[in-house]
Amino acid sequence: MSNIEKTLSIIKPDAVERNLIDEIKKIFLKNDLNIKESKKIHITKDEAAEFYKVHQSKPFYNDLCAYLSSGPIVVMVLEGNNAVAANRKIMGATNPKDADKNTIRKLYGISIDKNSVHGSDSSENAKKEIDFFFKN
Ligand code: CDP
Ligand code: MG
C-alpha cells in the first residue's frame, strides 16, 4: 500500500559551498522523491537554535547552530512514498564514515558535523520542520 507523505530536507552549508545542490537534487529525483518546494536561504544563529532545539542539551548544540547559520542552505519539501524513511535511507548515517555506499553522506559528507544534508526523522517532526520553513 502506498503512503505518500512529505519530509523536510536541508542541503547544509558545506554542500552549498561546494556547488553540490544539483547533484543532491538529482539523487532525490532518481529515488522518486519529488521536490515540491525549494528555497536558498541564510538563517541566523537564533533561527538555527530554534530549529535544532531538540538537541539543546547536547555538547555539539552550539557548534551545530553556528554551523547551520554559517552560510546559505537550501531547504526543500520532498514528497513520495514513505518519504521520511526513504530520505533517511538516501542520506545515510549521521557520520559519513558509517554511511552506506552511494548515500549522500557517503558520497559528499566531510565529517560528522559537515555531513551535507538534514532530513526529518519522523512524520510528526517532518510536519513541524516543514511549517518552520514554509509557513508563509
Ligand atoms: O542529522 P541526523 O538526524 O542524522 O543526526 P542528529 O543526531 O539528529 O544530529 C543532528 C546533527 O548534529 C547531525 O546531522 C550533525 O550535523 C550534528 N552532530 C554533530 O555535530 N556531532 C555529533 N556527535 C552528532 C551530531
Ligand atoms: Mg536528526
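Could you tally the net charge around Cys65, taking each other residue with its Cβ under 10 Å from the Cβ of Cys65, Lys/Arg +1 and Asp/Glu -1?
Working: positive: Lys45, Lys53; negative: Asp46, Glu47, Glu50, Asp63.
Neighbourhood net charge equals -2.
Kirkwood Rh, region 9-50, all Cα pairs: how many Å?
Values: mean 1/r = 0.0855 Å⁻¹.
After inverting the pairwise mean of 1/r, the radius is 11.7 Å.
Within region 1-78, report the trypsin sites (Lys or Arg not before Pro) that DSSP leaves as loop and that have at most 13 other Cβ atoms within 10 Å.
Details: sites: Lys6, Arg18, Lys25, Lys26, Lys30, Lys36, Lys39, Lys40, Lys45, Lys53; in loops: Arg18.
Sparse-neighbourhood loop trypsin sites (Lys or Arg not before Pro): Arg18.
Can you tell me the FRET efficiency between Asp131 and Lys40 if r is taken as the Cβ-Cβ distance and R0 is 22 Å, rounded to the nearest 0.05? It would help to have the intermediate numbers written out before the result.
Values: r = 19 Å, r/R0 = 0.87.
Taking R0 as 22 Å, the efficiency between Asp131 and Lys40 is 0.70.
Can you give the local net charge around Glu5? Use residues other than it whose beta-carbon is closer than 12 angstrom to its beta-carbon, Lys and Arg +1, Asp and Glu -1.
Numbers: positive: Lys6, Lys36, Lys127; negative: Glu79, Glu124.
Once all neighbours under 12 Å are counted, the net charge is +1.
Using 1/(1 + (r/R0)^6) with R0 = 30 angstrom and r between the beta carbons of Ile110 and Met1, what's the FRET efficiency to the nearest 0.05?
On the way: r = 39 Å, r/R0 = 1.29.
Once rounded, the FRET efficiency stands at 0.20.
Between Gln56 and Asp98, take the C-beta separation as r, use R0 = 25 Å, and let me know the FRET efficiency to the nearest 0.05. Each step should come with its number before you reach the end.
Details: r = 24 Å, r/R0 = 0.98.
Between Gln56 and Asp98 the formula returns 0.55.
Test of understanding: in a Gaussian network model of the chain with alpha carbons linked when under 10 Å, which of Ser116, Ser70, Ser57 would top the mean-square fluctuation ranking?
Per the Cα network of the chain with a 10 Å cutoff, Ser57 tops the list.
Translational diffusion coefficient of region 13-82 at 25 °C, 0.890 mPa s, Stokes-Einstein with Kirkwood Rh over Cα pairs, in µm²/s as a whole number.
Working: Rh = 13.4 Å.
Value of D from the Cα-based Kirkwood radius: 183 µm²/s.
So what's the net charge close to Lys53: Lys and Arg +1, Asp and Glu -1, counting the other residues with Cβ under 13 Å from its Cβ? Please report the intermediate quantities before stating the final value.
Numbers: positive: Lys45, Lys58, Lys128; negative: Asp46, Glu47, Glu50, Glu129.
Overall, the nearby charge balance is -1.
Can you give me the relative contact order of the chain as a percent, contacts being Cα pairs under 8 Å and 6 or more apart? Don't jump to the answer; show the numbers that get you there.
On the way: 238 pairs, mean separation 50.1, N = 136.
Relative contact order of the chain: 37 percent.
Express the Stokes-Einstein translational diffusion coefficient of the chain in µm² s⁻¹, to the nearest whole number, given a Kirkwood radius over alpha-carbon pairs, 37 °C and a viscosity of 0.692 mPa s. All intermediate terms of the calculation are to be shown ahead of the outcome.
On the way: Rh = 14.8 Å.
Result for D is 221 µm²/s.
No lab work stands behind these numbers, since they all come straight from the coordinates. These numbers come from a predicted model, not from an experiment. A quick note on method: Cβ atoms are made from the backbone with ideal geometry, for glycine too, and the neighbour counts reach across all protein chains shown.
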